[in-house]
Amino acid sequence: MSSILNADLHCHSLVSDGTLTPEALAARASANGVELWALTDHDEIGGQHRAAAAARAQGMKYLTGTEISITFAGQTVHIVGLGFDADDPRMQQGLQQTRGGRGQRAMEMSDSLARVGIKGAYEGALKYVSNPELISRTHFARFLVEAGVCRETNEVFRKYLTEGKPGFVPHRWASLSDAVSWITQAGGVAVIAHPARYSFSANEEYALFSEFKTHGGQGVEVVTGSHTAAEYVRYAEMAREFGLAASRGSDFHCPEESRTDLGTLPFLPGELTPVWELLADRIQ
Ligand code: AMP
Ligand code: MN
Ligand code: MN
Ligand code: MN
């Protein structure tokens, strides 16, 4: 398959911090012309069988997916896994461990928001949570919009939920090597998600890419809803420099919040190896 394919290999359902069911996402992806789809819920693969069945019902090809939170050089980085066995026990255990600290972190976030006068954030965020193991900053953001603290979720992140802001609680996620090995030993391909989103120095970014390669990582998101057109070019160069395949995905979460809809991004630059070429035998 060539790079001219409407593949959307990054989005979220209510199994993590999206608002749509896997079935509604599949219908939306298909209506937007997606040919190859992956649902990549944060730290969770509980929606994979539903998503694969929904893709089949819509006549789309499917790759299993997830987006694993890791800590690298003091920052949270996301590693997308594609095409792994969704029933792999080591992967399931690893992800369960990763989800583990979220409840405690959420209570600490709520306490720190209370100190700046925002009461009841834990209970408020919980109303938006479908998967009790996956309370995320996104759910807090939705509650703070509901409570009238901010007009939109982006503003909540900017003012409250990012490093140095009153509702931010640092958290230690999985390691890079764990995330890559869970994915690869389950037959999948690991992909660095939205690399332009991190605030690494050039040396730290180089270290991320080279350590990722050393651990067996094979892909990087080039065309994503989180990148500008200039960043497509920059990370296409990085893909070439590090010998990584390129991925494409909207990172769609919610019709009201996401600026990029499923299947609407530009195609991958032609001269790159698309990640789906490495996964031809894993496509369902
Ligand atoms: P968590 O895994 O709980 O730390 O939450 C991370 C999620 O918050 C990401 O996957 C995004 O969905 C969302 N997020 C992070 N930064 C922003 C932002 N600046 N604006 C909107 N959503 C964001
Ligand atoms: Mn998210
Ligand atoms: Mn992400
Ligand atoms: Mn995502």
### Query
Once amide H atoms are built 1.01 Å from N in the peptide plane, which residues 5 or more positions from residue 66, or in another chain, come under 5 Å H to H?
81
#### Entry: Rough spin-label spacing in nm, given labels placed 7 Å along Cα→Cβ, for residue 146 and residue 116
2.0 nm
### Message
If the reach is capped at under 29 angstrom between alpha carbons, list the lysines near residue 127, excluding any in the same chain fewer than eight residues apart.
### Response
119, 159, 165
#### Entry: Exposure ranking of 116, 15, 223 by accessible area [1.4 Å probe, largest first]
116, 15, 223
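Okay, helix-only estimate at 222 nm for the chain: each DSSP H run of n ≥ 4 adds -39500 (n - 2.57), divide by all residues, round to 500 deg cm²/dmol; what do you get? Walk me through the intermediate numbers first.
Details: 11 runs with 107 residues, N = 284.
Mean residue ellipticity at 222 nm (helix-derived): -11000 deg cm²/dmol.
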#### Entry: Contact order relative to length of the chain, as percent, for alpha carbon pairs under 8 angstrom and 6 or more apart
23 percent
### Task
Over the alpha-carbon set of the stretch 117-195, work out the extent along each principal axis and list the three values in angstrom, largest first.
46, 26, 20
### Task
Relative to the longest principal axis of the C-alpha atoms of the chain, give the angle of the C-alpha long axis of helix 176-185, reported between 0 and 90° and rounded to the nearest 10°.
50 degrees
#### Entry: Under 29 Å from the Cα of residue 61 - lysines, other chains or at least 8 residues apart
213
### Query
Summing +1 for each Lys or Arg and -1 for each Asp or Glu, what net charge is found among the other residues whose Cβ lies under 10 Å from the Cβ of residue 154?
+1
### Task
Express in Å², to the nearest 10, the accessible area of residue 12 obtained by rolling a 1.4 Å probe over the protein heavy atoms while all chains stay in place.
0 Å²
### Summary
Mean projected area, convex hull of alpha-carbon positions in the stretch 58-177, reported to one decimal in nm², is 9.1 nm²
### Query
Given the C-alpha centroids of the stretch 221-284 and the stretch 5-27, what is the distance between them in whole angstrom?
16 Å
### Helix 89-99 vs. the chain, principal-axis angle (Cα, 0 to 90°, nearest 10)
30 degrees
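Given the chain, report the % of alpha carbon pairs whose separation exceeds 29 Å. Write out the running numbers ahead of the final one.
Numbers: 11786 of 40186 pairs.
Taking all Cα-Cα pairs of the chain, the fraction more than 29 Å apart is 29 percent.
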## Note on the structure
Heavy-atom accessible area of residue 145, protein chains in place, probe 1.4 angstrom, given in Å² to nearest 10, is 50 Å²
### GNM top mover of 248, 115, 56 - the chain, alpha-carbon springs below 10 Å
115
### Query
FRET efficiency for residue 123 and residue 240, Cβ-Cβ distance as r, R0 = 51 Å, nearest 0.05?
0.55
### Per residue accessible area in Å² of the chain, where ligands, DNA and RNA are left out and the probe is 1.4 Å
41 Å²
### Task
Above 15 angstrom, tally the Cα pairs of the stretch 1-60 and express them as a % of all pairs, no decimals.
42 percent
### Task
Please report, largest first and rounded to whole Å, the three semi-axes of the ellipsoid equivalent to the stretch 157-284, where each semi-axis is the square root of five times an eigenvalue of the C-alpha gyration tensor.
24, 20, 16
### Query
Between residue 175 and residue 87, what length comes free when the chain is fully extended (0.36 nm per residue of separation minus the Cα-Cα distance, one decimal in nm)?
29.5 nm
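The values are calculated or read from the model by the stated rules, or taken from the named source; none is laboratory data. Just so it is clear, the structure is predicted and the values come from calculations on it, not from any experiment. Note: ideal-geometry Cβ built from the backbone for every residue, glycine included; neighbour counts use all protein chains shown. The protein model used for the area step is the full one, side chains on, heavy atoms only, and it has no ligands, DNA or RNA in it. Shrake-Rupley method; radii C 1.70, N 1.55, O 1.52, S 1.80 Å.
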